[in-house]
Amino acid sequence: MQAAGEARRAYAEGLGFSGTIVVSQLGIVVSETLQASGLDMAKANRQAGIAAGI
């Protein structure tokens, strides 16, 4: 969760194409990990910052 937050902050400051891809992939990994721990997809996506449009 901390890594996803840091990635969102970096994204907000502006990243190149490759950086944007890395941030997106990190969000997906965080979301899938949260889902594996029992959260439903919508909640996991929100917590990972995916719903906010990383």
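For the subset of region 13-29 comprising residues that are small (Gly, Ala, Ser) and part of a helix (DSSP H, G or I), which member is farthest from Met1 (Cα to Cα)? Lay out the reasoning, then the answer.
Our first condition is that a residue be small (Gly, Ala, Ser); within region 13-29, this holds for 14, 16, 18-19, 24, 27.
Retained after the next criterion (residues that are part of a helix (DSSP H, G or I)): 18-19, 24, 27.
Working: Ser18: 21, Gly19: 18, Ser24: 14, Gly27: 9 Å.
Taking the candidates together, the pick is Ser18.
Search region 30-51 for residues that are outside any helix (DSSP H, G or I) and pair each with any residue that is open to solvent by less than 60 Å² (accessible area, probe 1.4 Å) when their beta-carbon atoms are under 7 Å apart and the residues are at least 6 apart or on different chains.
Between residues of region 30-51 that are outside any helix (DSSP H, G or I) and residues that are open to solvent by less than 60 Å² (accessible area, probe 1.4 Å), the close pairs are Gly49/Ala4; Gly49/Gly27; Ile50/Gly27; Ile50/Ser31; Ala51/Asn45.
Give Ile21, Ile50, Ile54 a once-over and let me know the one that is at pLDDT 85 or above and either out of contact with any helix residue (DSSP H, G or I) (no Cβ under 7 Å at 6 or more places or on another chain) or open to solvent by less than 90 Å² (accessible area, probe 1.4 Å) (or both). Even if it seems obvious, please write down each step before you answer.
On the way: Ile50 fails: at pLDDT 85 or above; Ile54 fails: at pLDDT 85 or above.
After applying the criteria, what remains is Ile21.
The values are calculated or read from the model by the stated rules, or taken from the named source; none is laboratory data. Since we're looking at a predicted model, the values are computed, not measured. Every residue, glycine as well, gets a Cβ built from its backbone with ideal geometry; the counts of neighbours run over all protein chains shown. Just the protein is used for accessible areas: all its heavy atoms, side chains included, with ligands, DNA and RNA removed. Shrake-Rupley method; radii C 1.70, N 1.55, O 1.52, S 1.80 Å.
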